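Everything below concerns the one structure shown next.
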Amino acid sequence: MSIMCTAAVLLVLGGIGGFWLSRVCADYRAVMRGLELERMRLMDRLSSAELERDRLRDAQEQLECRVGVLRDELQDSAQVTVAPAKGRPAPRTPAEWLVSVEKLTPENLRKAEEYRRGTRTELSMEEVLILLDMVSAQDVRAAKAMFSGPAAG
């Protein structure tokens, strides 16, 4: 009888242990499924981030290329000579420089000088030229940057 009781106890304990083990395995599988889903979600996010990184790198390369082009254009514009045309005296002011590079006509320069004298304005000649829409502010900035003589008043 004791063998039967022992066998019965072992059978009950085995059943309980088996049930407990199946529950632990099911819980483990559920955790593994959750982790796998999380891994897949993270892989999707990583893929999206890599695509965005590549897009940003392409944009950066395009911008760097554009900056290079603009630098080259700036250097080219900085290499404009201030040398006068043959038979003309060297420009003494940014306004004269604008005439020498044909951004301003001598007639318009004369009109701007007359306007400045006639109105007794405190504006510089370059400001008057811009005010009268004879040259752009960009042209005046270039003239001031290129001009190597005394500043115009």
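Here are the numbers for the structure shown:
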{"item": "Among Thr105, Thr93, Thr121: highest mean-square fluctuation, GNM of the chain, C-alpha pairs under 10 Å", "result": "Thr121"}
{"item": "For segment 94-146, the spread of Cα positions along each principal axis, largest first, Å", "result": "28, 19, 15"}
{"item": "The chain, helix-only ellipticity at 222 nm - DSSP H runs n ≥ 4, -39,500 (n - 2.57), divided by all residues, nearest 500", "result": "-26500 deg cm²/dmol"}
{"item": "For the chain, built as a Gaussian network whose Cα springs stay under 10 Å, the top-fluctuating residue of Arg110, Arg66, Arg33", "result": "Arg33"}
{"item": "Nearest-20 debye value, segment 94-146 charge dipole, Cβ charges on Lys, Arg, Asp, Glu", "result": "100"}
{"item": "Residue among Glu113, Glu61, Glu36 with the largest mean-square fluctuation in a Gaussian network model of the chain, springs linking Cα atoms under 10 Å", "result": "Glu36"}
{"item": "Ratio Rg/Rh [Cα only; Rh per Kirkwood] for the chain", "result": "1.80"}
{"item": "Assigned charges on the beta-carbon of Lys, Arg, Asp, Glu; the chain dipole about Cα centre (debye)", "result": "240"}
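Where a number appears in this text, it was derived from the coordinates with a stated rule and is not lab data. Just so it is clear, the model here is predicted, and its values are computed rather than measured. Neighbour counts are summed over all protein chains in view; Cβ atoms, including those assigned to glycine, are modelled from backbone coordinates with ideal geometry.
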